[in-house]
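Working notes for the structure below.
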Amino acid sequence: MEAKIINDPIWGPIELHPLCIRIIDTPQFQRLRYIKQLGGISLVYPGACHCRFEHSIGTSYLARSLGLELQKNLAMLDEPNKPDITDKEILCLEVAGLCHDLGHGPFSHLFDQLFIPKFKKPGDQKAWEHEDATLNMLNSIFKNITWNDYLEDEDIEFIKNLIKKPDEKEQKNPSLNENPDEKEQKKPSLNEKPDEKEQKKPSLNEKTDEKEQKKHCLYEKTDEKEQKKPSLYEIIANGLNKIDVDKWDYFSRDCHMLGLHHNFQCKRSIKLARVVKHGKEWHISYPKSETCLICYNFFDVFLHMICYRNITTCLICFTHGIHCIVKLTIIPWLKP
């Protein structure tokens, strides 16, 4: 299968990798054609009829573009122990950007706000996120398409971690199968000698060394690759400063379809992006001369999107009848 070129209204011609074409042709991805990006906003803005389908393709394109730019700049960097970005990792970024919204339900985020709370079991404390459904659908896709001519098993796990990091709480919780006697053995004895306790206490120098190691870590890493190349995890879903290609696409696409003017130019940001060493880690950074401009453009659009999403969505949901329609018609159909 050869690569294909499609024309996107925001980014122009986009070349799709053969593996991305296989994913796009699956029922799991095709369902995104019927899920509107902005839910019921089209009742107020008639042009806001774009879907998760085109947003996912746009995010994939930006992820590849940013990955290639960082790869090129790292290759020219004369720095010892610098990280590298392989062609396979760029393909993983492209696939992760393509699949990051697979788990969205009807009405996009309104599904999370209206449907899910109605069907949570009593006492269920775990918050449902569309990324959970995304990972389930991703597993289903890779069971039904041929992918091992481009990727390996560890690459699939890398793609999943790019979309959603492993749950740290689940990793830290003790096993349910743990023997209670073993727990008792771990408890310090009341009759333990003071000298033995003193031996077990870490020295002040050991504590200082631990603090020094944590001082250079901007956030806790949950994956081996993330510890070596944290910059790769700042492209699709940036947990460090929230500036990522997902937002770049939906800011530009939503404003375009809503007929709202904006000055945000993410292609310029991509050209200026560099992987820079901060302490002992390498993170995506921008030149000081452009930082204010990037932040201003990003947060100007961000604040505007917050305003129209929150206020307009509330108006649509509660004064224009969408909430009543959802509650009175759709929710009863889903009840067991």
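Those residues that are under 22 Å from Lys164 (Cβ atoms) and either open to solvent by 50 Å² or more (accessible area, probe 1.4 Å) or touching a residue at least 12 places away in the same chain (Cβ under 8 Å) (or both), I need them from segment 239-252; list them, please. Hits for segment 239-252 are Gly239, Leu240, Asn241, Lys242, Ile243, Val245, Asp246, Lys247, Trp248, Asp249, Tyr250, Phe251. Scanning segment 253-293 for residues being of a type outside the set (A, V, I, L, M), surrounded by 14 or more Cβ atoms within 10 Å (Cβ to Cβ) and assigned to a loop (DSSP other than H, G, I, E, B) gives a total of 4. Only one entry of Gly105, Gly123 meets the criterion of being surrounded by fewer than 18 Cβ atoms within 10 Å (Cβ to Cβ), at pLDDT below 85, of a type outside the set (Lys, Arg) and out of contact with any His (no Cβ under 9 Å at 6 or more places or on another chain), and that entry is Gly123.
In this entry, Ile5 passes the filter for residues that are of a type in the set (A, V, I, L, M) and modelled with pLDDT of 90 or more. If you go through segment 140-193 and keep only what is open to solvent by 60 Å² or more (accessible area, probe 1.4 Å), modelled with pLDDT of 50 or more and part of a helix (DSSP H, G or I), you end up with Lys143, Asn144, Asp153, Glu154, Glu157. Within 24 Å of Asn161 (Cβ to Cβ) and modelled with pLDDT under 95: does that describe His50? When the stated conditions are applied, His50 does not pass them.
The values are calculated or read from the model by the stated rules, or taken from the named source; none is laboratory data. Everything numeric in this text was worked out from a predicted model, so none of it was measured. All Cβ positions, glycine included, derive from the backbone under ideal geometry; neighbour counts span all protein chains shown. Quick note on the areas: whole protein, heavy atoms, side chains included, nothing else; ligands and nucleic acids left out. Shrake-Rupley method; radii C 1.70, N 1.55, O 1.52, S 1.80 Å.
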